[in-house]
Amino acid sequence: MALLVHMLACAFGLGSWVAVNGLWVELPLIVNTLPEEWDLPSYLTVIIQLANLGPLLVTLMYKLCPGRLKERIVIYFILSIGILSCILLALYWDKTTTVAGASRSTAFFIITFFLSLVDCTSSVTFLPFMMQLPAKYITTYFIGEGLSGFIPGIVALGQSVGITKCVNSSQTAGNQTGGDTWSLHTENLPPNFSTEVFFFLLAAMMCISLAAFIALNRLPRTFELSSENLVPDTVASVSSGLENPGAETDGEGVKCQGEGAAQSKLLLAGPKHSVYQLTFIYFMVVWVNGATNGLLPSVQTYSCKPYGNLAYHLSAVLGSVANPVACTIAMFFKNRSLVFLGVLTALGTGFGSYNMAMAAMSPCPLLQGSVAGEMIIVLSWLFFTGTLSYVKVMVGVILRDRSHSALVWCGAAAQIGSLVGSVTMFPLVNIYRLFKSGDFCSTKCPLS
């Protein structure tokens, strides 16, 4: 039974961010088709954060009407919306309209908003639902959440997303004979299968998540609740969320004889954090999510594409791979030391700073045109994502051990950080034009 629940928890987590993660790994192909081109990621980050309306409403319901929000109904609803949106995206992603005299990807943006609404709302509904299960399944859920980026990334590798070559082209100068001029330009090679097929795959993954959620709700409630990982104020929420609360067992497999006895045991085992420690924990949540979901994704094209589409593609895909790898490491190496997590956060911030610096130097970053430069930028994005993903998981585990409400506010803090990061970057990219684009093949950069 435990193995089955682990598999279902992983499959359930698969639907948490699969749509948005799928969009990011497909961007090396999409940016070559849609009119926004290199600016497209900055639009996406803002659209994703506008979808924070969903988690905001859910969080207010938790606060103002505790116990009245039916998480299961909300999850059924958002997963259904996610499946429908993925199908619509496959059909209409490349349709454009003219807005203020310029061609815009209106359909793509609207559908992306609804997909983002699904994924953002999952942050404050999926995790609280997982509170009904023992603590050991929370990491499995995070692995599933990481796979929501890993699987689309592997598929994108097989699709050969963003693979290009440099070709010579000639232009005739006026009517002069023999006046042809030759220049290099980038030519995008066709993918092995279309973007439409890729988006249908995302719809299938959402269906798997919905099926796993249905199965989790139908399983007999005979799980062993971990008395060392729950606190007293979660007992009521766990009991009310289970269909057979009287069948619960403690860590030794003995049935609980009364809520009072269970609460006394949990009270002794509950983790304690000072106000300053909690402030630091939530600061890490805000900063890590602001960096990984807002600040850096907005400029990934400017950071990677000057090194070529292959570097951009590998950075996007391996960044997605780093997430589940970090979750797997967290499953076997659980270091809850706030000092250790703080050091990891600083290390990840250092890698992110390098990525941001290369974006600011676009289209002529350091070591542009060299294999060393390509390797460094790919590894920098890999370690940036990996280190901060580990911090995300461990902070989630720490707050999960405190209470149901702590985990809800963890999701809310994550969305606040993401919103601040994306809103900060959008005007810098699209209004002030601090970041410059350039063709990989034709851009002439001074030797480093």
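The values are calculated or read from the model by the stated rules, or taken from the named source; none is laboratory data. Owing to the predicted nature of the structure, the values given are computational and were not obtained by experimental measurement. Glycine gets a Cβ as well: all are built from the backbone with ideal geometry, and neighbour counts include every protein chain shown. Remember, those area values only see protein heavy atoms, side chains included, never the ligands or the DNA or RNA. Shrake-Rupley method; radii C 1.70, N 1.55, O 1.52, S 1.80 Å.
Quick notes
- Entry remark, the range 399-415: residues being closer than 15 Å to residue 286 by Cα and either open to solvent by less than 20 Å² (accessible area, probe 1.4 Å) or free of Cβ contacts under 8 Å to residues at least 24 places away in the same chain (or both) number 10 in total.
- Test: residue in the range 322-335 that is free of Cβ contacts under 8 Å to residues at least 24 places away in the same chain, closer than 24 Å to residue 286 by Cβ and either assigned by the TED database to the domain that holds residue 277 or out of contact with any strand residue (DSSP E or B) (no Cβ under 8 Å at 6 or more places or on another chain) (or both): no
- Qualifying residue in the range 64-78 (condition: closer than 18 Å to residue 293 by Cα and in contact with a helix residue (DSSP H, G or I) (Cβ under 7 Å, 6 or more places away or on another chain)): no
- Residue 356 meets each of the listed conditions (1) under 18 Å from residue 436 (Cα atoms); (2) at pLDDT below 95 apart from (2).
- Of everything in the range 416-441 that is more than 23 Å from the chain's Cα centre (by Cα), open to solvent by less than 80 Å² (accessible area, probe 1.4 Å) and not acidic (Asp, Glu), the residue that is farthest from residue 297 (Cα to Cα) is 441.
- Residue within the range 326-333 that is open to solvent by 10 Å² or more (accessible area, probe 1.4 Å) and either within 26 Å of residue 439 (Cβ to Cβ) or in contact with a Lys or Arg (Cβ under 8 Å, 6 or more places away or on another chain) (or both) present: no
- Residues in the range 133-150 that are surrounded by fewer than 23 Cβ atoms within 10 Å (Cβ to Cβ) and not in a helix (DSSP H, G or I): 134, 135.
- Qualifying residues in the range 189-217 (those that are surrounded by 18 or more Cβ atoms within 10 Å (Cβ to Cβ) and either of a type in the set (Gly, Ala, Ser) or in contact with a Lys or Arg (Cβ under 9 Å, 6 or more places away or on another chain) (or both)) - the one nearest to residue 33 (Cα to Cα): 203
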